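Let me begin by presenting the structure, written as structure tokens, before commenting on it.
The values are calculated or read from the model by the stated rules, or taken from the named source; none is laboratory data. Fair warning: this is a prediction, and the values are worked out from it, not measured in the lab. Each accessible area value is taken on the protein alone, full model and side chains, heavy atoms only, with ligands, DNA and RNA left out. Shrake-Rupley method; radii C 1.70, N 1.55, O 1.52, S 1.80 Å.
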Amino acid sequence: MIRKYMDLITNFAYFFIFLGGLAAIVLSIVQARGATEDKNEIIIKQEEKIKDLETSLEEKIKFIERYISGGDSYPELEILSLPNNSKQVGKMFFQMTNNFDLPIYDIKVEMYDYDFIKLKTFKGFGNLDYIKPVDFEKARVLNFQETTLSPTTTKGGIYSPVAKECNFYAKLFTRNKVIIEKITVMNDKGHYYLAYELFDDTTNQSLKKFYSPGISEKTKEILNKRLMKIPKNLEIKFSE
């Protein structure tokens, strides 16, 4: 509730900034029309001032529009930590992060165990990929929703499975866009390594790629190959 009130106060603040800019322009027009001495010179100065105020107001309006809509912000699923090695029994802690200076609205996240989907997918009519609806539901490991994610904040504790070598496919819906995130966790000689990549679902543009810190180029290459095996779109039909 506190965050909702803070968001409301913030929006009111930007609204009053808008009103303040508008009032300044109106005042300048009144002053220009009411000038009697050196009228032409005063009007010219006032017109210049009005133009500056209009430019400032336009910038504020654009900022307010971006703030209300979320602009180009998008969330990302992050794995907070991995066990030091595969011999330890541990968990992977997922969190939702907004790394932008604008809020993100109407967030819905669906994440799937891609390895399970691949295991349960079979060829059917037209040589297309099919999966049973019940298996597809079993593959859904995360169904998360959040009304607002404030700027540069993190929502933790959303998913914490036992650590293992695995691959995930996630779809992140927001008010402005849909993001695809591919995640891979690899066990290399007892050590876990992570990589994920985010794509704009509309343009297929890669938005960000992340690797576990301090890994070798060889490990990066292996992780990249694993990511490439996860499709950007799950084009699977349902069949019993």
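Things worth noting here:
- By the rule of a C-alpha distance below 16 Å, with chain neighbours fewer than 8 residues away ignored, the aspartates and glutamates paired with Lys108 are Glu76, Glu78, Glu146, Glu181, Asp200, Asp201.
- 5 angstrom amide H check on His191, placed H, neighbours 5+ away: Ser86
- Other-chain or far-sequence residues with amide H under 5 Å of Val178's (modelled H): Asp201, Thr202
- Distant-in-sequence amide H partners of Lys91 (H built 1.01 Å from N, under 5 Å): Ala163
- Cross-link check: pairs Lys138/Lys232; Lys132/Lys189; Lys189/Lys237; Lys118/Lys177; Lys51/Lys155 evaluated at a Cα-Cα cut-off of 32 Å; pairs beyond the cut-off: Lys132/Lys189; Lys189/Lys237; Lys51/Lys155.
- With the whole protein complex present, Ser216 retains an accessible surface near 60 Å², based on a 1.4 Å probe.
- Percent carbon-and-sulfur accessible area, the range 147-240, ignoring ligands, DNA and RNA, probe 1.4 Å: 48 percent
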